[in-house]
Amino acid sequence: MEYNENNIPGPFGDPQTQNRIQQDFNQFANQAQQGFNQYANQAQQGYDQYAAPAQQPAYDPYAAPVQQPAYDPYAAPVQQPAYDPYAAPVQQPAYDPYAAPVQQGYQQPAAEQPKKKKTGLIIGIIAGVLALLGGLAALYFLVLGGGKVKSIELSETALILDREATKTVTAKILPEKAAEKAEIKWSSSDTSVARVDDKGNITAVGGGTCTITAEADNKKEEIKVTVNKTNAQERKILGTWYAVAGKTGSSEMFPITGRDWPLTVKDDLTMDTVLSGEVHTYNYVYNRTDDDGRIWFKVRLPDSGLDFADLVLIDDTLYFMYSSDSVVVFGK
């Protein structure tokens, strides 16, 4: 007798039974394929997490295009293996009372975990160390460094002042946080030229040049101060004057003609006058301003019995008084 799928003896020869077997086989195959796909995806994700990014080949404009296989409508379809009802059944393992119970349902094979590279760990450690150092640096700046004076800014860097003039200079400590603790100390290199108080108020004393210094926490800035020997009003009497009138004792004021009695006032306010062809020098002593705003100059003639004299400028006329009742009027 010839056997085929329709006359196989036993339970497998029934067509209905064969259909059920085929359906069970297909269901099992689908479950196995799904499990395999899930396992493959998980393994690929673990690999991609640590794998170096794939390098793309450089673009070559002259490379030949990749040839795709031509579609062949007459190509034979892929053959699936035919069902073999005579294949030997799968052998079940012998019963072992001490074996671990078999887990029901489809079990995915344990995926081998990819070995993690140490690169990520090393990078994390380095980043943590850098963050710690940055935090320590910031803490140092706020607690210690922020309180130190970095520089001092002054409202002036150079000054030219008339004698007895005053000027206030402001100083700014940087950073501003340091100004809460630091204090500016002012000093003058020559107090005979200019003085300065603890508020930065500079007073011109005498002609010359000096340096005013502002210092805080070993940081300092300097101002060069030049003081003129005379002030604006004093400079009005500088130059050479000529006698135009005079009065001696109880006499009336009399005119003086000619230019044979000159009076020269120098930059240091010393004065030379020529009387009867002889030069007499008066040294400046001091000056004062009266209620009318006129400046009176006190001078001294050391080489004569006339110790002191007064000068005052009224309008464009200089009055030289060498005694209470003697005066010479000078003009230009």
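Things to note:
- Over 24 Å between alpha carbons, listed pairs LYS224/LYS298; LYS181/LYS224; LYS167/LYS224: LYS224/LYS298; LYS181/LYS224
- The trypsin sites (Lys or Arg not before Pro) of the stretch 208-283 that meet both conditions, a loop assignment by DSSP and at most 11 other Cβ atoms within 10 Å of the site Cβ, are ARG259.
- Alpha-carbon centroid distance for the pair the stretch 206-276 / the stretch 156-179, whole angstrom: 29 Å
- Heavy atoms of GLU176: accessible area, 1.4 Å probe, square angstrom to 10: 130 Å²
- Those GluC sites (Glu not before Pro) in the stretch 178-245 that DSSP places in a loop and that have at most 13 other beta carbons within 10 Å: GLU183
- Within the accessible area of the stretch 233-332 (1.4 Å probe), percent carbon and sulfur: 50 percent
The values are calculated or read from the model by the stated rules, or taken from the named source; none is laboratory data. Everything numeric here is computed off the predicted structure, so don't read it as measured data. When we count neighbours, we look across all protein chains shown, and the Cβ atoms used for this are built from the backbone with ideal geometry, even at glycine. We work out accessible area using only protein heavy atoms, side chains counted, and drop any ligands, DNA or RNA first. Shrake-Rupley method; radii C 1.70, N 1.55, O 1.52, S 1.80 Å.
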